[in-house]
Every structure is written in C-alpha cells, then in structure tokens.
Amino acid sequence: MDAYIEQAGLGNILEKVKGGERLSLADGATLYRHPNILALGYLANIVRERKNGNQAFFIYNQHVNYSNICINLCKFCAFGKEKGHALAYEMTLEEVKDKVRQRLDEPISEVHIVGGLHPELPFSYYIDMLRGIKEVRPEVHIQAFTCVEIHHLAQMAGLSVEQTLRQLIDAGLGSMPGGGAEVFSPRIRQATCEKKLSGEGWIEVAKTAHRVGLKTNATMLYGHIETIEERLEHFDALRRAQDETDGFLAFIPLAFHPKNTAMAEHANTTGINDLKNIAVSRLMLDNFPHIKAYWVMIGPKMAQVALAFGADDMDGTVKEEVITHMAGAETEQALGHKTLIRLIQEAGRQPVQRDTLYNVLATY
C-alpha cells in the first residue's frame, strides 16, 4: 500500500504521517486538491488507528434546543429567528425539564443544549435551566452553550467570560459543544455572519473554558463560500490553541445545508467533499484525540464510510435535532443505539459506548 501512496505522489506526506511529524498548510492544500480519495483515506486511517485503534465511539444523548430567537441571524442558518417571527420559539424552564423527564426510562448520559442568542432571557434563566436538568436527572452530564453563546451570556450578565463559566459550572455545566466556529476567516464572517463573535473571540472563549477545567469540542462549517486555504487556516488556529491548552476533545466537520437559508443558491456538499474534510482534518489536527462523523449532517451511510477515512466517532442517538433539519436535512431525527452498533460493526470497527469525556461505558 505504501507503494500505492508513493505512486499517487504523496510519499513525502506518508513519511511525515508515519513519523508523527506535523503537516504544513501546504501539505494540507496538497491533500485537499489530490484526486485520489482512497489515498487520503489510507493516510488518515494511519493517524486514526494510532490514536484510537479499531474503536468507533458513540454516545446515548439527548438534544435540547431551548430557543431559536437570535440577534445574529447568520446567512447560513435556517434555525435562528427574530423575536415575533411565526417560527420563533422559546422554552420555559418547565418545558426544558419536561423534555428531560420524557426520557428518564432511557440510559442517556448526556444532555446537549444549544440555542440562539436571545436578546432578553436573563442570565438566571440559563443558571436555572442547568439546575433544573440536574434536579430531574442528577447524574447526567450537561454539554451546553457554544463559545458564541457564552460570550453573549457574559455580556448579558455583565461578567467576564471566566466569571460566567464558573457560575455555569457551579450550576451543572459539564462541557461545551463546538458550534459557532463556522470558518474563522474574517472574510467569511463578514460575508456570512457579520454580527457573530470573531474567530479570535471564539478561540479565546474556548481557551478560557479549558483553563477553568472544561473540555470542549470544535467545529468547522464547510461547503459554502470558503476556500481551501481558509479551511486550513481554521485548522491551524485550532491546532495552535490545542497546543496551548489541550482542552479540545473532538473536532466535528459540519456539512453546510443550504435549504431555507439566505445562501440557498448553494448546493449541498458531495460525498467526496465530506470524506475529504474528515480525512484532512484527521491529518492536520494531530493533537485532537477524536474526529467525529456527525451522521445528522452527512447521513448514517456516509458517517459509516467515514470510519475508514479518519473518523472514530459517530456522535449519538440525538432523538430530536432541530438546527440541521430546519436547513433541509433529510436524515432521521434519531438513531437507536442498536442501529449505531450495527453500522459500526458493518464498517469493521469495534463499537464503544462512551460518555461525554470519552470514558468507556460498554463495548460490543
């Protein structure tokens, strides 16, 4: 197989990968532009198996999107709505607790919470939401609030980001998801989400979270107007932040879904684009423990294939996902844990049920 990689013109990168040497941005550009997707998969799989062997992880989780009312209204988002819009909603604290109560008979280990940047909800709402979930389900891990949300909450509360995080941790926050990163490029942010926290701001919130003891994830929204170079600069910023704080658990490439957005003229991503972003991210983000193939975004079948292209995690059961489906996703709202186990086994991997922090709960 090494000869095959060398024939593909990737021998130099193969040597770096085998030697554990960090790839340059130029190497990343070579990988993105290379037509041989199988060669990319082979290279990414070297790193994937070095870090995680034959394991493929999943989690029994529940998503709660407390409100879609948002002051940012990014062009690539079909979820956020202005207050007063016919599709705008906000959940009461009792409704959030009810969502959690409805699934007390299931072995959920994580409640995953994100929402819009609501202009009026007080900081106490978020504190009480965390406490309320812990009342209903004391042992559950709460992964909540993107870096963008945390920055917004700090402004609403008149606190520093660190003070905000410490109060949320006291109320039950266990870790943070990776959303809101989009593409860090100032050009992209000006064109698609000019009101959103800057890329530098996102990184700073993440590093602050790491310093106060929270693990977080990271994402990149790809497949719209970003260039290969902008994707690679995004990876480089994440890689440098991880060198500094070592607080990122997983990277999740997010495929852009254009339907019902202000960028609806763009096409959906292709399978090759999806697999390239999985493979290149695995190769570039050498200090990230995990790369996730988020089946909600790319579909269960593509996520299954991605387990051979650098991914070692398929996310989880989810049950009720709103954000991607409002943008026209045609994937299911939920996958049962038995289905996830079957998908992983058919891909030739060892299914491992994990908790949020990647502690092993069961192997199959």
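The values are calculated or read from the model by the stated rules, or taken from the named source; none is laboratory data. Bear in mind the structure is a predicted one, so any value in this text is a computation, not a measurement. Note that we place each Cβ from the backbone using ideal geometry, even for glycine, and neighbour counts take in every protein chain shown. In case anyone asks, the SASA skips ligands and DNA or RNA and just uses the protein heavy atoms, side chains included. Shrake-Rupley method; radii C 1.70, N 1.55, O 1.52, S 1.80 Å.
Scanning the range 145-158 turns up no residue that is closer than 30 Å to Arg354 by Cα, assigned to a loop (DSSP other than H, G, I, E, B) and open to solvent by 20 Å² or more (accessible area, probe 1.4 Å). Restricting the range 284-297 to residues that are open to solvent by 10 Å² or more (accessible area, probe 1.4 Å) and closer than 20 Å to Gln55 by Cβ, which is modelled with the lowest pLDDT? Of everything passing the filter in the range 284-297, Tyr294 is modelled with the lowest pLDDT. For beta carbons closer than 8 Å, sequence separation of 6+ or different chains, a first residue in the range 9-25 that is modelled with pLDDT of 95 or more and a second that is assigned to a loop (DSSP other than H, G, I, E, B) and among the hydrophobic types (A, V, I, L, M, F, W, C), the qualifying pairs are Ile13/Leu23; Lys16/Leu23; Val17/Leu23. Just one of the numbered conditions (1) farther than 22 Å from Leu357 by Cα; (2) charged (D, E, K, R); (3) under 18 Å from the mean Cα position of the chain (by Cα); (4) assigned to a helix (DSSP H, G or I) is not true of Lys196: (4). Taking every residue in the range 143-154 that is free of Cβ contacts under 8 Å to residues at least 12 places away in the same chain and pairing it with any residue that is in a loop (DSSP other than H, G, I, E, B), at least 6 positions away or on another chain, yields no pair with a Cβ-Cβ distance below 6 Å. Taking only the range 161-192 into account, find how many residues are under 20 Å from His112 (Cα atoms) and surrounded by fewer than 23 Cβ atoms within 10 Å (Cβ to Cβ). So the count comes out to 10.
Kindly establish whether Asn61 is in contact with a strand residue (DSSP E or B) (Cβ under 6 Å, 6 or more places away or on another chain) and exposed (fewer than 15 other Cβ atoms within 10 Å of the Cβ). So Asn61 does not fit the description; no.
Among the residues of the range 234-257, the one identified as among the β-branched types (Val, Ile, Thr) and under 15 Å from Ala311 (Cβ atoms) is Ile252. Can you find even one residue in the range 238-250 that is more than 30 Å from Asp355 (Cβ to Cβ), of a type outside the set (D, E, K, R) and under 18 Å from the mean Cα position of the chain (by Cα)? No, every residue in the range 238-250 fails to be more than 30 Å from Asp355 (Cβ to Cβ), of a type outside the set (D, E, K, R) and under 18 Å from the mean Cα position of the chain (by Cα).
From the list Ile37, Ile69, the one residue that fits, being closer than 30 Å to Leu307 by Cβ and of a type outside the set (Gly, Ala, Ser), is Ile37. The numbered conditions (1) free of Cβ contacts under 8 Å to residues at least 24 places away in the same chain; (2) in contact with a strand residue (DSSP E or B) (Cβ under 7 Å, 6 or more places away or on another chain); (3) small (Gly, Ala, Ser) are all true for Ala56 except (1).
Within the range 1-38, the residues that satisfy the criterion of being part of a helix (DSSP H, G or I), open to solvent by 60 Å² or more (accessible area, probe 1.4 Å) and not aliphatic (A, V, I, L, M) are Tyr4, Glu6, Gln7, Asn12, Glu15, Lys18, Thr30, Arg33. Restrict the check to the range 115-128 and report whether at least one residue is under 14 Å from Val64 (Cα atoms), open to solvent by 10 Å² or more (accessible area, probe 1.4 Å) and modelled with pLDDT of 95 or more. The answer is yes, given that some residue of the range 115-128 is under 14 Å from Val64 (Cα atoms), open to solvent by 10 Å² or more (accessible area, probe 1.4 Å) and modelled with pLDDT of 95 or more.
Being in contact with a helix residue (DSSP H, G or I) (Cβ under 8 Å, 6 or more places away or on another chain) and part of a strand (DSSP E or B) is the filter; apply it to the range 332-364 and report the residue that is least open to solvent (accessible area, probe 1.4 Å). Looking at the filtered set, the residue picked out is Pro351.
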